[in-house]
């Protein structure tokens, strides 16, 4: 156990705005919209009954228009999203939180500007720094609020990012296990993933960085 179970500590919680059934190619989900203090609309896809449940397999995915929607090969976002939904869809219960934090929190316009800097030789970290941002501007408080609104007691988090775990624990979420969540590198995103591991501390199997291989969860 990495943290105590969720408490009733107040954090100006995100509120469920609406909900509906969402059948998908990955399984039968319910979709919840959330209005939060950050002024953005986030969503949760929920499989099964999670209220009051412990150790719910959970993925927190940050929006990536270029990858998730347009199929960009510069990142692994779409592959990670599909892998998470496929995995959760086969479980009796699970959650995917989709956060509107484009470009690691710097927004779409700045993300594309960072792409241009990467084309000049900067890696993803240095491109963000050159634009005046931190290497990762995301804040996972809203994810903690969403989990509280869904009445989840503890989670098994699908992630390779230690900062995500640390922020959730800081915001009083019980993370009882980390589940590795990575896909094999391709020629287009190998440098992106290598930078995540080498400079941002992401826990990515070196075998996945060295060549094309099977997806792993």
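The values are calculated or read from the model by the stated rules, or taken from the named source; none is laboratory data. The shown structure was predicted, so the numbers you read here are calculated from the model rather than taken from an experiment. Reconstructed Cβ throughout: ideal geometry from the backbone, glycine too, with neighbour counts over all protein chains shown.
Considering only region 166-184, state which residues are free of Cβ contacts under 8 Å to residues at least 40 places away in the same chain, assigned to a loop (DSSP other than H, G, I, E, B) and more than 15 Å from the chain's Cα centre (by Cα). Hit for region 166-184 is 184, nothing else. Going by the structure shown, is residue 67 modelled with pLDDT of 90 or more, on the phi > 0 side of the Ramachandran plot and either outside any loop (DSSP other than H, G, I, E, B) or surrounded by fewer than 16 Cβ atoms within 10 Å (Cβ to Cβ) (or both)? Considered against the rule, which asks whether it is modelled with pLDDT of 90 or more, on the phi > 0 side of the Ramachandran plot and either outside any loop (DSSP other than H, G, I, E, B) or surrounded by fewer than 16 Cβ atoms within 10 Å (Cβ to Cβ) (or both), residue 67 comes out as no. Note on region 70-85: residues that are more than 12 Å from residue 182 (Cα to Cα) and either buried (at least 16 other Cβ atoms within 10 Å of the Cβ) or in contact (Cβ under 8 Å) with a residue 60 or more places away in the chain (or both) total 4. The set of residues from region 128-139 being under 12 Å from the mean Cα position of the chain (by Cα) and surrounded by 18 or more Cβ atoms within 10 Å (Cβ to Cβ) comprises just one member, 138.
Evaluating residue 66 against the criteria (1) more than 20 Å from residue 21 (Cα to Cα); (2) free of Cβ contacts under 8 Å to residues at least 60 places away in the same chain; (3) in contact with a strand residue (DSSP E or B) (Cβ under 7 Å, 6 or more places away or on another chain) leaves one unmet condition, (3). Which numbered condition trips up residue 45, out of (1) modelled with pLDDT under 95; (2) in contact with a helix residue (DSSP H, G or I) (Cβ under 8 Å, 6 or more places away or on another chain)? Of (1) modelled with pLDDT under 95; (2) in contact with a helix residue (DSSP H, G or I) (Cβ under 8 Å, 6 or more places away or on another chain), only one is false for residue 45: (1).
Restricting attention to region 87-111 and to residues that are over 23 Å from residue 183 (Cα atoms) and touching a residue at least 40 places away in the same chain (Cβ under 8 Å), the residue that is surrounded by the most Cβ atoms within 10 Å (Cβ to Cβ) turns out to be 108.
Among residues of region 8-30 that are at negative phi and in a loop (DSSP other than H, G, I, E, B), those with a Cβ under 6 angstrom from a residue that is exposed (fewer than 15 other Cβ atoms within 10 Å of the Cβ) and at pLDDT 95 or above, sequence gap 6+ or separate chain, pair up as 26/86. Outside any helix (DSSP H, G or I), under 17 Å from the mean Cα position of the chain (by Cα) and buried (at least 20 other Cβ atoms within 10 Å of the Cβ): does that describe residue 46? Criteria met by residue 46. Considering 142, 125, the condition of being buried (at least 21 other Cβ atoms within 10 Å of the Cβ) and modelled with pLDDT under 95 is satisfied by 142 alone. Would you call residue 138 closer than 25 Å to residue 171 by Cβ, touching a residue at least 60 places away in the same chain (Cβ under 8 Å) and touching a helix residue (DSSP H, G or I) at 6+ places or on another chain (Cβ under 7 Å)? The answer is yes for residue 138.
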